[in-house]
Amino acid sequence: MAAGLRLIGMGPGGIDGMTLAAVNAAKECDYRMYEAYTALWNDVEISTLENEVGKIQKIMRPQVENPVEILELAKEFLVAVLIVGDPLQATTHIDLQLRAIETGVECEIIHGVSITTLVTGAIGLSNYKFGRQTTLTYSYENWIATSPLEIIAMNKLQGLHTLVLLDLDPTGEGIGNQVPMQPVDALKSILLMQERLENRLSEFPNESLIESLKLEACREMCSNMGSLRVVLCTDMGTDKQNISYIDVEDLKQAESGHMHCLVIPGEINEIENDALKRWTKN
């Protein structure tokens, strides 16, 4: 393309995890923009990539959700938006793709390794048995989401595993100053959500079968939180990758890292059980 938009998947956490196609596509562009509000590389890796492909400008949520400037630029130049992971997976930018098409801007997708595909195989759980994924959010002032626990509860009811991404923006505004959620922060959010959910159970509708099942699943989730086991996945796809199979309460003393996610196992078979034992910390 002489002009247009490229959404380029950066992979999990460094230039070594990018595809050759992604690196070359970024080099060819006239402008490169790094979307830094849905997931992050560390500054050292960004500098390494910049030395390889050329100058990179950091952009945040407002520029992506209202991409007028990006699309105007892409009408005359070849513009890359670099996105951690895969552009259309955990960090979905389909809206940006569709807006480009609507305004007559050619849009090319260069896929990358996504956390959604990387984690399942790495920890040893069958990706066929994963249910709906969710994001564990920070609490904002008096606002505490309970939907992440509700999703986990419904997945467990069906015997399904849950991939839980961790928030990286304590403000919820997506404009900068991100603080990727650490394990101890994740535990704090989980406990706040548990308390909030327990207080809301009496308000849950209970007329249909699915509503009754959800109510029971959430009640069981809250009652058995102390025995919940989680897989803590840290800096996946990098040379600092670490996996731990621990009790949820052990998150308060787990090692920090750059980016984390959790997997909540559902029903596990013998092979999955043996696979998880590898990550048990003595």
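Just so you know, all these numbers are worked out from the coordinates, no wet-lab data involved. Owing to the predicted nature of the structure, the values given are computational and were not obtained by experimental measurement. Using ideal geometry, Cβ is built from the backbone for each residue, glycine included, and neighbour counts are taken over all protein chains shown.
A few comments on the model shown:
- For the chain, averaging the sequence separation of C-alpha pairs within contact (under 8 Å, six or more residues apart) and dividing by the residue count gives a relative contact order of 20 percent.
- Of Leu251, Leu165, Leu213, the residue with the greatest mean-square motion in the GNM of the chain, using alpha carbon springs below 10 Å, is Leu213.
- Once C-alpha pairs closer than 8 Å and six or more residues apart are averaged by separation and normalised to the residue number of region 4-113, the relative contact order reads 47 percent.
- For the pair Glu141 and Leu201, a Förster radius of 22 Å applied to the C-beta separation gives a FRET efficiency near 0.40, rounded to the nearest 0.05.
- For region 4-113, the direction-averaged projected area of the alpha-carbon convex hull comes to 5.6 nm².
- Rg [Å, one decimal], Dmax [Å, integer] - region 116-277, C-alpha atoms: 15.7, 51
- Burial ranking of peptide ranges 174-181, 229-236, 116-123 (average Cβ count within 10 Å, highest at the top): 229-236, 116-123, 174-181
- Scanning the chain for GluC sites (Glu not before Pro) lying in DSSP loops with no more than 14 further Cβ atoms inside 10 Å, the longest uninterrupted stretch between such sites is 1-75.
- Sorting the segments 36-42, 8-14 by their mean number of nearby beta carbons within 10 angstrom, highest to lowest, gives 8-14, 36-42.
- Region 227-282 versus region 1-66: alpha-carbon centroid distance in Å: 29 Å
- DSSP beta bridges in region 4-113 [antiparallel fraction, %, rounded to 5]: 5 percent
- GNM flexibility winner over the chain from Leu191, Leu49, Leu209 (Cα, springs under 10 Å): Leu209
- Options [x] 50, 50, 39; [y] 65, 51, 35; [z] 58, 42, 34 - which one matches Cα extents along the principal axes in Å as calculated here: [z]
- Across Leu215, Leu71, Leu20, mean-square fluctuation computed from a Gaussian network of the chain (C-alpha pairs under 10 Å connected) peaks at Leu20.
- Cross-link pairs beyond the 26 Å C-alpha cut-off, checked among Lys156/Lys252; Lys188/Lys214; Lys156/Lys281; Lys214/Lys252; Lys129/Lys252; Lys129/Lys214: Lys214/Lys252; Lys129/Lys252
- Beta bridge orientation in the chain: antiparallel %, DSSP, nearest 5: 40 percent
- Cα centroid separation, region 124-192 to region 76-106 (Å): 25 Å
- C-alpha long axis of helix 147-157 to longest principal axis of the chain, angle in °: 60 degrees
- Estimated [θ] at 222 nm from DSSP helical runs (n ≥ 4, -39500 (n - 2.57)) normalised by residues in the chain, nearest 500: -10500 deg cm²/dmol
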